[in-house]
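K.L.:
The following block contains the structure, expressed as structure tokens.
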Amino acid sequence: MFCYQCEQTANGKGCTKAGVCGKDANVAALQDLLIYALRGLSEVAVEGRRLGIVDDGVNAFTIRALFTTGTNVNFDAGRFPELINRCVELRERLKEKVKAAGGKAEYGDGPATYQPAKGIDGLIEQGTKVGLLSDTSLNPDVRSLQHITLFGIKGVAAYADHARTLGHEDDNVYAFIHEGLAAMQDKGLGLNDWIGLAMKCGEINIRVMELLDAGNTTTYGHSVPTKVPLGAKKGKAILVSGHDLKDLEELLKQTEGKGIYVYTHGEMLPAHGYPGLKKYKHFYGHYGTAWQNQTKEFPAFPGPILMTTNCIQRPRESYRNSIFTTGPVGWPGVTHIEGYDFGPVIQKALEMPGFDRDVEGKSVMVGFARNAVLGVAPTIIEAVKAGKVRRFFLVAGCDGAKPGRNYYSEFVEKVPKDCIVLTLACGKFRFFDKELGDIGGIPRLLDVGQCNDAYSAVKIAMALADAFKVGVNDLPLSMVLSWYEQKAVAILLSLLYLGVRDIRLGPSMPAFISPAVLDYLAKKFNIMPITTPDQDLKAILG
Ligand code: FSO
Ligand code: SF4
């Protein structure tokens, strides 16, 4: 196997025997094969669009299938044969439609004519031949840009899947995903073409995040500042992790009146800020921290756990029978819930002890998404003009297991008292419960939401730039980002597409960015690796 799509890749180079994440070589081969099959489906989809043929089933399948190949999403080899076969079926069905409309009938050797082997062993064998490094003739910098685009597309697909679940979509998003995947077969594309595709991925990701923002805010209302308890209530309990608000809503509906309290874990924390979700009286509080701490935190939770998206890790024996997956997530032997039927989760909650007493705990504030922050924009602008707020820091992105990630907690602790920290995604768990106080009533730590809410941060930055009549790069704003997986790649491409300069990125640079491509990005955008909090703060604050 060879996989280097996430930040924890082995030795910072690539996982070759087994994934550091727990992905084994069989799952890696099946995921590589699914991507290969999707490239073939995409070729036909591109030809279809040329003739005005757009297949909704193909679109929905494409994004869900891509989502399952993301880091820490689906480790269940048994789920992939069906996806691969379905992909080829959809491709052949679409080919017929395209042919009937006068389009291409022959596709030549490659992913568009690929035929799946019969059993899972045959598929695994096929998968080993179509991995990320299988085309040895590729120029390393073209390969790097192809992979940046592919991983960005996986991120776009994850966000598109969430948005679609809430009824928001745009064919331009699907069209780009198909264009980008089909382009991997085009030997004629050079460095500049791939830079163009990577930037387009960033552009499309802004669109998809806008759709997701619209989905979240029209379905659940705009987030409002909300205090979330970190303790617990005596009673039965269910823990929900991941990013999918619709799963959470369905679970809240189905548990209403059953004497069960629902708690969030990891990236689900910002859900407490939505009026349409916080209205449920039994939606109580938040338990634990970021994804990489789950194997330490889940054993002590006295109820079942529902994983809605990334990031799942190998469940410990102690909770293997009380963890459930849904949507794109999978772990072999773990019960998977289809079609929002959370009956088995509820049943488990009723069987398990729950909390035997109220547990006192700290609390944190969430809900500072664009509407809440821009609602107090005049106060913020006034404070900046009066010199009370010197600078904003967006300290955002993913958390992970590496020790180097202490940088982010230390950075936030050292940010001077006249500066405000905006945060989003699970990296915030390094500092989310720190009491940073306020500046004239404006909290110094503002939680904008999940990584899914990066659009909100972009909107806030743009509104401030408008108010100060400057470009985003001239705002008193610095971005100190942490990345882990493919959604972060998509967001990073969006920021570059918007022309954002001087981003500090850590804890390490992606292994899939070649030295020449990194050099290009550094020159064009002045993107740079983090160093130490002291050194970076000194450089930023001059
Ligand atoms: Fe974290 Fe995991 Fe949201 Fe990522 S939970 S690491 S970028 O999947 O998604 O921030
Ligand atoms: Fe390795 Fe990350 Fe790929 Fe898992 S997702 S196999 S840890 S590079």
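The values are calculated or read from the model by the stated rules, or taken from the named source; none is laboratory data. These figures come from a predicted structure and were not determined experimentally. For neighbour counting, all protein chains shown are included, and Cβ atoms are generated from backbone atoms with ideal geometry for every residue, glycine included. Heavy atoms of the whole protein, side chains included, go into the accessibility calculation; ligands, DNA and RNA do not. Shrake-Rupley method; radii C 1.70, N 1.55, O 1.52, S 1.80 Å.
K.L.:
Leaving out ligands and nucleic acids, note down the accessible area per residue over segment 232-351 with a 1.4 angstrom probe, in whole Å².
P.N.:
That works out to 34 Å² per residue.
K.L.:
What number comes out for the charge environment of Gly303, summing +1 per Lys or Arg and -1 per Asp or Glu over other residues with Cβ under 10 Å away?
P.N.:
Once positives and negatives cancel, what remains is +1.
K.L.:
For the pairs Lys402/Lys434; Lys388/Lys523; Lys227/Lys388; Lys187/Lys523; Lys362/Lys402; Lys234/Lys279, note any where the Cα-Cα span goes beyond 29 Å.
P.N.:
Lys388/Lys523
K.L.:
Okay, moving on. Computed on alpha carbon atoms, what radius of gyration and Dmax characterise segment 10-219, expressed in Å?
P.N.:
Rg then Dmax for segment 10-219, in Å: 16.7, 51.
K.L.:
Of the DSSP beta bridges with both residues in segment 393-542, give the percent that are antiparallel, rounding to the nearest 5.
P.N.:
Percentage antiparallel, nearest 5: 10.
K.L.:
Based on C-alpha coordinates, I'd like the Rg and Dmax of segment 32-93, in Å.
P.N.:
Computed over the Cα atoms of segment 32-93, radius of gyration and Dmax are 11.9, 38 Å.
K.L.:
Please sort 388-401, 451-464 by packing, taking for each peptide the average over its residues of neighbouring beta carbons within 10 angstrom, highest first.
P.N.:
451-464, 388-401
K.L.:
Quick check on segment 309-357: take the gyration tensor over C-alpha atoms, sort the square-rooted eigenvalues as a ≥ b ≥ c, and tell me if it's rounded (a/c under 1.5), prolate or oblate.
P.N.:
Judged from the Cα gyration tensor, segment 309-357 comes out oblate (a/c at least 1.5, b/c at or above a/b).
K.L.:
Rg and Dmax of segment 120-221, Cα atoms, in Å?
P.N.:
Here Rg and the maximum Cα pair distance are 16.1, 51 Å.
K.L.:
For Asn192 and Asp502, calculate 0.36 nm times their separation in residues minus their Cα-Cα distance, and state this gained length in nm to one decimal.
P.N.:
Length difference between fully extended and current span is 109.4 nm.
K.L.:
If I take R0 = 51 Å and measure r between the Cβ atoms of Glu106 and Arg357 in this structure, what FRET efficiency does the formula 1/(1 + (r/R0)^6) give, to the nearest 0.05?
P.N.:
0.15
K.L.:
Cα gyration tensor of segment 382-508, axes a ≥ b ≥ c as square roots of the eigenvalues: rounded (a/c below 1.5), prolate (a/b > b/c) or oblate?
P.N.:
Since a/c reaches 1.5 but b/c is at least a/b, the shape of segment 382-508 is classed as oblate.
K.L.:
Do you know the relative contact order of segment 372-541, to the nearest whole percent, from alpha carbon pairs under 8 angstrom that are 6+ apart?
P.N.:
24
K.L.:
Taking only protein heavy atoms into account and a 1.4 Å probe, give the accessible area per residue of segment 10-219 in Å².
P.N.:
Result: 39 Å² of accessible area for each residue.
K.L.:
With bins 10 Å wide starting at 0, give me the P(r) of segment 232-351 over every alpha carbon pair, in whole percents.
P.N.:
Going out from 0 Å in 10 Å bins, segment 232-351 shows 14, 53, 31, 2 percent.
K.L.:
Would you kindly state how much longer the chain becomes between Thr532 and Glu82 on full extension, computed as 0.36 nm times their sequence separation minus their alpha carbon distance, in nm to one decimal?
P.N.:
157.3 nm
K.L.:
Still on this structure, please answer the following. Share of the chain's accessible area from carbon and sulfur, percent, 1.4 Å?
P.N.:
C and S fraction of accessible area: 52 percent.
K.L.:
Using the Cα centre of segment 396-542 as the reference point, and only Cβ charges (+1 on K/R, -1 on D/E), how large is the resulting charge dipole? Debye, rounded to the nearest 20.
P.N.:
Here the size comes out at about 280 debye.
K.L.:
Let a ≥ b ≥ c be the square roots of the eigenvalues of the Cα gyration tensor of the chain; is it rounded (a/c under 1.5), or, if not, prolate (a/b larger than b/c) or oblate?
P.N.:
oblate
K.L.:
Here is a further query. Among Ile195, Ile206, Pro225, flag the residue with its Cα farthest along the positive direction of the charge dipole of the chain, charges on Cβ as +1 for Lys/Arg and -1 for Asp/Glu.
P.N.:
Value: Pro225.
K.L.:
Using the crude model of +1 on Lys and Arg Cβ and -1 on Asp and Glu Cβ, and no other charge, please compute the dipole size for the chain relative to its Cα centre, in debye to 20.
P.N.:
Dipole magnitude for the chain comes out near 920 debye.
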